[in-house]
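Q: Just dropping this structure here.
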Amino acid sequence: MQALSHDLVAQVAASAYSAACVVAFSLALLRLRPPALRTAACLAASAALCLGQPLIYASPTQPAAIGLASLCAMTTWSLWGLLLLPRRQLPQSIMGIFWACFMDGMDGCRAVHARRLARRQTAAHAADPATHAPHADAAAAASAASACPVPSAPSDEGAGAGATAAAEVGPKQRSRGRQLVHVEALPAGTSCPVQHAEHGDGSLPPTPAADSADTGGSDTPAPALLPAAWTLCRLVITYDVGFAALCCGGLFGCMCSAAPLDTLLSAPQRLGPLAQIFGPRAAYVAWALAAGTLLPLQMGIAYALTRLALIAAARWGAPLLTPAKRRELADLARQLPPEVFDTPLASLSISEFWAERWHQFLRHHFQAGLGHRIVDAAARPAIDRLLPPGAAVPAARRAALAVAGTAVAFTMSGLMHEYLSWAAWGEVSGRYMAFFGLHGLAVVAEGLGTRLAPKLAARVPTLLRRAYVVGFAAAVSPLFVETYRRHGYFGACAYHPLLAPVTATLLRRGGWCAAGCGLA
């Protein structure tokens, strides 16, 4: 209980400090007139946000330390994006800046939801043209996806096609892009694939006419609350049971302990039945893949909680929110996917893994924010010299811009995760740069293979494609999870108000899991 109280106090203090830094940045951005002074003050506030927040944690091994550091990093990128905008396009209040930072993460989720729905409609139409012909034509779905103002090309923690679309947008168009995203997110009459979603978890937005008919023209009905609440509960239970199975089920033995890797692999008798059958290294790779699948559930839970809060505010926020704001929240909740992850290991390629099935919180930063500026400043001049815009090689130019955008996106992702490792444990190991670098190379290789041999790529069996994705994920997963394991993230009893692994805690107290291995 004392550890839990200490952690709660640290979280409140770190959250308050982070909010104060964002307020300081906002005041400097809105009030200071000299450009040099404004830029210096904003950069100082963002540096304080990223560098000072981890110092508040006396024992930064809690999941909340990594979560807050991640939020600080993404907020900093959003703030830098605002700093690059002309003053006339900036939000007019501090709350507007907070909302713009929040929307930077949500815009990518809305865009990928439209892409997922278009993909499913195309697959349903291919499977049963007679049933799905009225609304599932592949060309119509693709054109509807492109009609959404949110950039439709893939991105997140790296995507080649997304970087291509980003790099092809001109500077003037990009300067207006954020305003379009935040002010005119989905204009009336836009035919977006989200409008054709199936009923269920509130993913089907009614037409403007239906809105006024159902609600008297005042409020837009929010998505159903109970399905959203059940999604949150299911994710928490899955995380809880998965944590228990990973570290307390006996299958992987003492893999969750914080022992040095050499010591761990030299004691196969303590690593469970998989190590006895397949060897300790193969068992460790299998454990790393399972752990890498479990860790993102924390982000999925946080997203589900955010969406549930949006729905609740849209439905019951009348005393505090205006009807227009409630309609805005309802529209946003309805355009967001019920879950931020879409079974990533079922992908048919690494590009699909990152572009359509992984979370898209960083999409805006790669397509319209800092990533674009880096491509413009570093890669585009060299590409313009080698392949001028008027040259008769548009495909080669697009491919070069795609490679540059992919490299920038995965480099930014690697740097961000290295920062998270430093914020939580004070370590910069280079593992995350290697992890995202290998994924970036895989995305580039897939793009080149598809361009050079499209017919051969189309004939690769689905089973072989999925085996390739799972095998690649298993091969690189140790790079991602080893830092977590070595610092006791899995073996320690890491309490968190929302993500407390109750089952694992009970089993650990009974002496049934890796905490009693004696390897640490």
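The values are calculated or read from the model by the stated rules, or taken from the named source; none is laboratory data. Since this is a predicted model, take the numbers as computed values, not measurements. A quick note on method: Cβ atoms are made from the backbone with ideal geometry, for glycine too, and the neighbour counts reach across all protein chains shown. What goes into the accessible areas is simple: the full protein's heavy atoms, side chains included, and nothing from ligands, DNA or RNA. Shrake-Rupley method; radii C 1.70, N 1.55, O 1.52, S 1.80 Å.
Q: Just name the residue that is most open to solvent (accessible area, probe 1.4 Å) out of those in segment 389-415 that are part of a helix (DSSP H, G or I), farther than 16 Å from H365 by Cβ and of a type in the set (A, V, I, L, M).
A: The selected residue is V403.
Q: What about R485, is it closer than 26 Å to A283 by Cα, part of a helix (DSSP H, G or I) and open to solvent by 30 Å² or more (accessible area, probe 1.4 Å)?
A: no
Q: Would you point out which residue out of E446, E418, E427 is surrounded by fewer than 20 Cβ atoms within 10 Å (Cβ to Cβ), of a type in the set (D, E, K, R) and without any contact (Cβ under 8 Å) to a residue 60 or more places away in the chain?
A: E418
Q: Let me ask something additional. In segment 232-278, what count of residues is obtained for those that are assigned to a helix (DSSP H, G or I) and of a type outside the set (K, R)?
A: 30
Okay, residues lined up against (1) surrounded by fewer than 16 Cβ atoms within 10 Å (Cβ to Cβ); (2) at pLDDT below 85; (3) under 25 Å from F25 (Cβ atoms):
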site: W80; (1), (2), (3): no, no, yes
site: R87; (1), (2), (3): yes, yes, yes
site: S93; (1), (2), (3): yes, no, yes
site: M103; (1), (2), (3): no, no, yes
site: R120; (1), (2), (3): no, yes, no
site: T131; (1), (2), (3): yes, yes, no
site: D137; (1), (2), (3): no, yes, no
site: A142; (1), (2), (3): no, yes, no
site: A145; (1), (2), (3): no, yes, no
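Q: Among the numbered conditions (1) surrounded by fewer than 23 Cβ atoms within 10 Å (Cβ to Cβ); (2) in contact with a His (Cβ under 7 Å, 6 or more places away or on another chain), tell me where I350 comes up short.
A: With (1) surrounded by fewer than 23 Cβ atoms within 10 Å (Cβ to Cβ); (2) in contact with a His (Cβ under 7 Å, 6 or more places away or on another chain) applied to I350, the lone miss is (1).
Q: Could we say that L441 is free of Cβ contacts under 8 Å to residues at least 24 places away in the same chain and in a helix (DSSP H, G or I) here?
A: Judged against the criteria, L441 is a match.
Q: A further question follows. Please give the number of the condition I97 fails out of (1) at pLDDT below 90; (2) surrounded by 18 or more Cβ atoms within 10 Å (Cβ to Cβ).
A: (1)
Q: Would you be able to tell me the number of residues in segment 286-301 that are out of contact with any Phe, Trp or Tyr (no Cβ under 9 Å at 6 or more places or on another chain) and surrounded by fewer than 18 Cβ atoms within 10 Å (Cβ to Cβ)?
A: Looking only at that region, the number is 1.
Q: Limited to segment 430-443, what total is found for residues that are aliphatic (A, V, I, L, M) and open to solvent by less than 30 Å² (accessible area, probe 1.4 Å)?
A: Total satisfying the criteria: 2.
Q: Quick one: is R363 surrounded by 16 or more Cβ atoms within 10 Å (Cβ to Cβ), in contact (Cβ under 8 Å) with a residue 24 or more places away in the chain, in contact with an Asp or Glu (Cβ under 9 Å, 6 or more places away or on another chain) and on the phi < 0 side of the Ramachandran plot?
A: It is true that R363 is surrounded by 16 or more Cβ atoms within 10 Å (Cβ to Cβ), in contact (Cβ under 8 Å) with a residue 24 or more places away in the chain, in contact with an Asp or Glu (Cβ under 9 Å, 6 or more places away or on another chain) and on the phi < 0 side of the Ramachandran plot.
Q: Further question on the same structure: Here is a check on your reading of the model: is E328 part of a helix (DSSP H, G or I), assigned by the TED database to the domain that holds L401 and open to solvent by 20 Å² or more (accessible area, probe 1.4 Å)?
A: When the stated conditions are applied, E328 does not pass them.
Q: Going residue by residue through segment 418-434, is there one that turns out to be under 18 Å from G371 (Cβ atoms) and hydroxyl-bearing (S, T, Y)?
A: yes
The rows are residues; the columns are (1) in a helix (DSSP H, G or I); (2) hydroxyl-bearing (S, T, Y).
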position: L297; (1), (2): yes, no
position: T306; (1), (2): yes, yes
position: A313; (1), (2): yes, no
position: P338; (1), (2): no, no
position: L348; (1), (2): no, no
position: E356; (1), (2): yes, no
position: V375; (1), (2): yes, no
